[in-house]
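Computed from the coordinates by the stated procedures, all read-outs in this text should not be read as laboratory data. For clarity, every value in this text was computed on a predicted model and none was experimentally measured. Ideal geometry is used to build each Cβ from the backbone, glycine not excepted, and the neighbour counts take in all protein chains shown.
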Amino acid sequence: MIITKRSIPRRTVLRGFGTMLALPLLDSMIPALSAVAKTAAKAKSRLGIVYVPHGAVMDKWTPVTDGALELSPILQPLAAFKDRLVVITGLDNRPALALQGEPAGGHGRIGAAFLTGVHAKPTEGADFRAGISIDQIAAARLGNETELASLELGLESTDLAGACDVGFSCAYVNTLSWRSPTTPLPMENNPRTVFERLFGDSASTDSSARRARIQSDRSLLDSVTEKIADLQRGLGSPDRVKLTEYLDAVRDIERRIQKAEGQSARELPALNAPSGSIPSSFEEYAKVMLDLQVLAYQTDLTRVITFMIGKELSNRTYPEIGVPDPHHPLSHHQNDPQKLEKLSRVQTLHMGLLAYYLEKLAATPDGDGTILDNLVLLYGSGMGDSNMHDPRNLPLLIAGGGAGQIRGGRHLRYPKETPLTNLYTAMLEKVGVPVERIGDSTGALDMLSGV
């Protein structure tokens, strides 16, 4: 970071045509030789969660050796980030196990317990009850310094009404985030809506007004062009480069969303995909949503993001990789070699998306490092063996440096019955949100930092 004599406010935004364009941290926002400079330069802790449904093919996912990390076949797409990963095995989420006499639906219990460590109340009605999720525990503290306390995003439609699993409300399946034991937060799955939440739209939220704005063919950046030019003239060379890269990323995402909206009127083949103006390609859809998350971190609009690549009971198909089978039925593989091979392909595809995300985070400057340096990112699923709906021995990994607190390149295997929530206690400590207990936790995991 270059400390300059000229300073512009950290919260500077550019406004125009009903939009608000937040800016990334620039060197010119750091006053020269001041206490404010020291505060601004301090790494900002961030928490991210990326969830995949239906467990993993554990013998293809789990590293063979403990200690120094040797990537398994499914983890191979992460080879470039091997030294930034801590793979964790052996943890259990016992609150997701069925109690005697409860309904059969395992996916509802798994979704509700994953980030809360609390056994969900069996109900198909509106009287659902779980616990407070760790992202919302973090958001209550970290959100005091950002415009948005948290973002909850997904790649599938998430209607919270009715029953989705035997004996369990859709609320338990369609979200991971719970603001309170009785308040589930919906996961937004439309890129345009996320874009407008980050950068604003017209003053009206009416759908017809929003369509008129889209059809006007004026981009967010077009509406603030003059102000961008004025700002750039007063910046040093490093800041101009940083701002140009950021604006290019914003324009690229907007272009991709507009392209998807332009295609949405065309008749498409029947796919198990969300409705709306969403890219027809699953991989492109996922990458747009991941890029939006990078921008949200980059502009410090939020420091907490929860992202569901798929929800429990997901029936998404993956014909682009030769897997036309719906994901959920395929996950009941009964040890069929062909089904296990297809599941491995799906999980490797998901891992490739994580690699894409990590590459973007690692390429985005943040203070004296990158966003990945300052992030604690959990990637995992709420079950291990999907054939048995077993919420024990979960496939989990931590990516990111945690602002210098996490040493990567390791596989940590914990004893049976170690609570998943012990990992969460340690993660929250790393982002500056210490807690005494989460759900069924018995203490913070040791060895997470390794220093």
Hey, what do the phi angles of the stretch 66-82 turn into as Karplus ³J(HN,Hα) couplings, whole Hz, using 6.51/-1.76/1.60 and θ = phi - 60°, x for Gly and Pro?
-> 8, x, 4, 6, 10, 5, 7, x, 5, 7, 4, x, 8, 4, 5, 10, 3
By Cβ neighbour count within 10 Å, fewest first, PHE114, PHE195 rank PHE195, PHE114
Distant-in-sequence amide H partners of TYR414 (H built 1.01 Å from N, under 5 Å) = THR89, GLY90, LEU91
Can you list the aspartates and glutamates whose alpha carbon is less than 15 Å from that of LYS82, not counting same-chain residues fewer than 8 positions off?
-> ASP66, GLU70, GLU359, ASP373
Between GLN100 and ALA363, what is the FRET efficiency for a Förster distance of 41 Å, r being their Cβ-Cβ separation, to the nearest 0.05?
-> 0.20
Distance histogram for the stretch 323-379 (every C-alpha pair counted, 5 angstrom bins, percent rounded to whole numbers) = 4, 18, 19, 14, 11, 10, 10, 8, 5, 2
Taking amide hydrogens as modeled 1.01 Å from N in the peptide plane, which residues meet the under 5 Å criterion relative to GLU188, leaving out close sequence neighbours?
-> GLU152, LEU153, GLY154
Using the beta-carbon distance between ASP230 and SER157 and R0 = 35 Å, what value does 1/(1 + (r/R0)^6) give for FRET efficiency, to the nearest 0.05?
-> 0.25
Point-to-point label distance, VAL166-TYR356, nm (Cα→Cβ direction, 7 Å offset) | 3.6
Let me see the pair-distance distribution of the stretch 71-169: every alpha carbon pair, 5 Å bin width, integer percents in order.
-> 2, 11, 15, 15, 16, 17, 13, 8, 3, 0
Using 0.36 nm per residue of separation minus the Cα-Cα distance, give me the extension gain between LEU301 and THR442 in nm, one decimal.
-> 47.4 nm
